[in-house]
Amino acid sequence: MNTKLATILLLASASGLAACSKKAPDDLPPDPIQTTPTPTPTSRPVTPTGAAVGTQAHFAQAVGSSTTIYFETDRYNVDTQDAAALQAQAQYFARYPQITFTIEGHADERGTREYNIALGEKRANAAKAYLVSLGVDANRIAVVSYGKERPVALASNEAAWAQNRRAASVIIN
Amino acid sequence: MKAAAMKAIVSLLLATASHPAFAQDLSAPLPEDSPVETVESAAGERDIVITDEAAWSDIGIAIPAFATDRERATPANADGTGALGREIARVITANLRNNGLFKPVGPDSLPQPAFSAVRAPAYGAWSGQGAEMLVQGYVTARDDGRLVVGCYLYDVALQQQLVKEGWVVAAADWRRAAHKCSDLIFSRLTGESPFFDSRIAYIAETGPKDRRVKRLAVMDSDGANHRFLTLGSATALTPRYSPDYSKILYLSYVDGNPRIYVYDIGSGKQTLVTENRNPTIAPRWSPDGKHILFSMAVAGNTDIYRIPATGGTALKLTDNPGIDVGGSYSPDGSKIVFESDRSGSQQCYVMDADGKNQKRISFFGGRCATPEWSPRGDQIAFTRIAGDFNVAVMNTGGGNMRVLTRGWQDEAPTWAPNGRIIQFFRTEKNSGRSGIWQVDLTGQNERRLPTPVDASDPAWGPIRR
């Protein structure tokens, strides 16, 4: 029913991804999504194929890198690029109302351990609040913070830290 | 008392029923501590209090093997009480050497006094070897299997006994006698409070940076008697020993969320600090062990709460849109130092124990995190973030800030029971490898503690009774 809107949102999230470089330094390594062959938004089928509905793979196929939003150092606010990604997520979750999911909040290694758990909690809850404002039922969203305990980028530099300051929406089966 | 115990059991049963995953990450419980009984009190007059560290840093202390009245078998040493006496002297030597203040000479390069000479040292012979101080002692095995350890400190030049004490310990606790003797010597020669007979809870870390396994572990102050308390299937963080060593507060992800558990060392069982759906982090004991501080996030915002250790209603101490987290009581229990980003960045604040009169104390540039009040009451140690992380101290009003370490990431200080030494963990850039280090209040004598694997979040317990 909403295929047209979904397409627009996918385009929006793709442009949001391109603009992400504003938040991260120029030497940011390619996003994981770019290392795998990705069809251009215009040629991508709106309905994901391959992965089963209700899996993280299906979600990632549908929204691309918009599964995760990124934050400035010590910040937890949802900025315009985050908003675009969360709109793509909201569209997906509106389409599959049976799916429940978890938002995992993370921090980079430059904060102390306990503070970072509290900060990851704020980030995950900020993402949740935004999704709820877009109409996703709060009861479908669990939140957990891992602080700095689960980095995805392992180096100790600005590029890695930018990738680790994140809130990732995850469908856990 | 009985009601409280019953309540604890009931809440444990309830908790176990509602969270079947509870026990899944726990190792076998530790054996119960048996008491150390003091059999002789110190006889020396404490008229010499040396306060200038430089003056006693070069004191030569001879520590020959402790003698035994007769060779007996003991579970403490496969080769009997004679060999045990040598081990005790080795432990004392390592203790006094490792804190950097003394230059002890241990039993492996010294003659061994006979049992009869323990109370009548051959001053002339020791003086000829250049010893200024002499530690002698004995170990005997009683018929009930317990050990009696005597410890004597002599001033060789003055030909005078300075202090003596003896302890009866279970065979398995022989190292505690060595630590008690180390404490006796340290206190007599420095005028400082003891710290060797104490334990450390920490997090043992293994594996690559993105799949780090973090287990709750404990050890003696010298790294001996190491035990893992959790198996590693769930991430464990930030332990704190109760003042009486009967329990450990720590954070575990065992149910998938960060939550504070009260682990009972004797039973090996644990309960949630509060039955709640919200994440709880940063546990701390009050000095008398009657209250627990924890931080709880509600709808994303973290504040500090206090709850009776026996359970009950949590009292909210901070109420602020910023992150308020951690907290460390002053030794008299009247005040709490904590961290908050209400000003825009992590800074240290002091409040009354009931949450009143919250006041920022850190104004020296950079950020102030993980503040810990000294057991002596006069200093606060914290993580100073100014690019790198360093361990620093300040007075309780925030003045006289001094940076003690220079690592890339030195985090989460914890005080020795006597407030003279600070442990912390140091993380390596890029690799994420971690280790526990210690440094004294002057910033000197920095050293890494031996741990079987990588280590973080040290929490030094009080002196043992």
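Every number in this text was worked out from the coordinates using simple rules, so none of it is lab data. What you see is a predicted model; the values in this text were computed from it and never measured. Ideal geometry is used to build each Cβ from the backbone, glycine not excepted, and the neighbour counts take in all protein chains shown.
General observations
- For the stretch B:323-445, the extents of the C-alpha atoms along the principal axes are 42, 34, 22 Å, listed from largest to smallest.
- For residues of A:102-115, the mean tally of beta carbons on other chains within 10 Å: 6
- Net +/- balance of residues flanking B:Y349 in space, Cβ distance below 9 Å, scoring K and R +1, D and E -1: +1
- √(5λ) per eigenvalue of the Cα gyration tensor, the stretch B:251-297, largest first, Å: 18, 15, 8
- Protection proxy ranking of B:155-166, B:320-331, B:107-118 - average other beta-carbon atoms within 10 Å, highest first: B:320-331, B:155-166, B:107-118
- With the alpha-carbon atoms of the stretch B:241-352 aligned to their principal axes, the span from lowest to highest coordinate is 44, 35, 22 Å, starting with the largest.
- A helix-only calculation puts chain B at -4000 deg cm²/dmol for mean residue ellipticity at 222 nm, using -39500 (n - 2.57) for each DSSP H run of at least four residues, averaged over all residues.
- Against the rule of thumb 2.2 N^0.38 Å, how large the Cα Rg of the stretch B:406-465 comes out: 1.13
- Calculated FRET efficiency for the pair B:R376/A:A142, C-beta based, R₀ 56 Å, to 0.05: 0.80
- With 20 Å bins from 0: P(r) over chain B, alpha-carbon pairs, percent: 24, 52, 23, 1
- Peptide B:379-387 shows a mean partner chain C-beta count of 1 within 10 Å per residue C-beta.
- When the P(r) of the stretch A:108-173 is calculated, the portion above 16 Å amounts to 50% of the C-alpha pairs.
- Relative to one another, the C-alpha centroids of the stretch B:289-338 and the stretch B:115-172 are positioned 47 Å apart.
- C-alpha center-to-center spacing [the stretch A:62-80, the stretch B:202-220] in angstrom: 30
- Per-residue average of Cβ from other chains inside 10 Å of A:155-168: 1
- For the stretch B:309-456, lysine pairs separated by 8 or more sequence positions, or belonging to different chains, with Cα-Cα distances below 20 Å total 5.
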